[in-house]
Amino acid sequence: MVAGERPLLLLDCDPGHDDALALALAARHGELLGVTTVAGNVALERTTANALTMCEVLGLDVPVHAGSPRPLVAELRTAEFIHGTSGLDGPAHPPHRRTPASDDAVGFIVDTVRAHPGALWLIATGPLTNVALALRAAPDLAGSLRGVSIMGGGVPWGNVTPAAEFNILVDPEAADEVFRSGVPLTMAGLDATHQWMIDAPIIERVRACGGAAAAFCADLLDFYGAAYGTVYSDRNAGPLHDPVAVLAVTHPQLVTTERLHVAIELTGTHTRGMTVADLRGVRRGAAPNVDVVRTVDATAATDVLVDTLAEYR
Ligand code: BDR
Ligand code: CA
């Protein structure tokens, strides 16, 4: 990427409140070639409808391709307890005029990566089912993607279980395939994303941007913060998980990373879905396979988010 050029992006997501904001950032700060959807926070039909709704709200002319309705092996588990029954509860949804461009997200990913060898970032903010299927269908993608930037995992903690984060736990077998594929991988886990909490004063800044899109996003954040307050603590503030995976590509100066070996636990009684990061610093450990995001400049990230939402009308 030449300095000043916007990175070429695909966003694979399961909107989801934080996915919605990831989309807003990706479309402004990258050359967003498409959105693919996966089952996760809610069923595929809803994540796809929500992606179309967000394109409507943000005025984006980006194709939305529906992907996998279920994980590779596991039963689908969803997260209505955070995102509500629609997956994007809070604001009233405007009717969307768009329809999915196809139900072949995997084919779209493969074709788009191959059309831009070495140039394209795949940002994955849901379970890694589509990404794993794309790498199965076209193993050459591991060498032709510029990288995959995911929100997932945590070093060393989880949110759905003490050990496992939602996106990885929904489809650990897919995550395992992606982490072992050799593709250049960046991972924004919970320990990074929880450094960026969105609370009432920040939501007021978003609302003060004016315009329908910012108001919609402020309503999303109100619902999301209250859900976090109910489920995890009594502070009405939610971590902006998925946007970190975008900023790691579009604003790398806002994060620091460390190259580590990370493996996915598939069989543990209490640890299935855990991202096991080797922090020992031993010489003979397995070779590092992931750029793990370790810190996020939350103040600067908030400024980018607010400035970005102010540009949407
Ligand atoms: C992740 O799980 C989902 O609920 C969010 O959208 C995010 O991608 C956080 O664990
Ligand atoms: Ca998500």
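Tabulated data for the structure shown
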{"read-out": "GluC sites (Glu not before Pro) restricted to region 46-105 and DSSP loop, no more than 10 other C-beta within 10 Å", "value": "Glu75"}
{"read-out": "Neighbourhood charge, 11 Å Cβ-Cβ cut-off, centred on Val38 and excluding it, Lys, Arg +1 and Asp, Glu -1", "value": "-3"}
{"read-out": "Restricting region 208-293 to trypsin sites (Lys or Arg not before Pro) in coil, as DSSP defines it, with at most 13 other Cβ within 10 Å", "value": "Arg235, Arg280, Arg283, Arg284"}
{"read-out": "Trypsin sites (Lys or Arg not before Pro) restricted to region 68-174 and DSSP loop, no more than 16 other C-beta within 10 Å", "value": "Arg77, Arg97, Arg98"}
{"read-out": "Rounded if a/c under 1.5, otherwise prolate or oblate - region 37-129, Cα gyration tensor axes", "value": "oblate"}
{"read-out": "Span-like helix ranges in the chain, DSSP H, alpha carbon extent 24 angstrom or more, Kyte mean at least -0.5", "value": "212-231"}
{"read-out": "Rounded to the nearest 20 debye, dipole of the chain from Cβ charges on Lys, Arg, Asp, Glu", "value": "520"}
{"read-out": "Residue of Thr99, Thr125, Thr48 that the Gaussian network model of the chain assigns the largest fluctuation, springs spanning Cα pairs under 10 Å", "value": "Thr99"}
{"read-out": "Size of region 1-160 as Cα extents on the principal axes (Å, biggest first)", "value": "39, 36, 31"}
{"read-out": "Region 8-311: antiparallel DSSP beta bridges as a percent of all, rounded to 5", "value": "30"}
{"read-out": "Hydrodynamic radius by Kirkwood, which averages 1/r over all alpha carbon pairs of the chain, in angstrom", "value": "19.0"}
{"read-out": "Span per principal axis, largest first, for the Cα atoms of region 1-91 (Å)", "value": "43, 33, 19"}
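Laboratory data are not the source of any read-out in this text; all were calculated from the coordinates shown. What you see is a predicted model; the values in this text were computed from it and never measured. All Cβ positions, glycine included, derive from the backbone under ideal geometry; neighbour counts span all protein chains shown.
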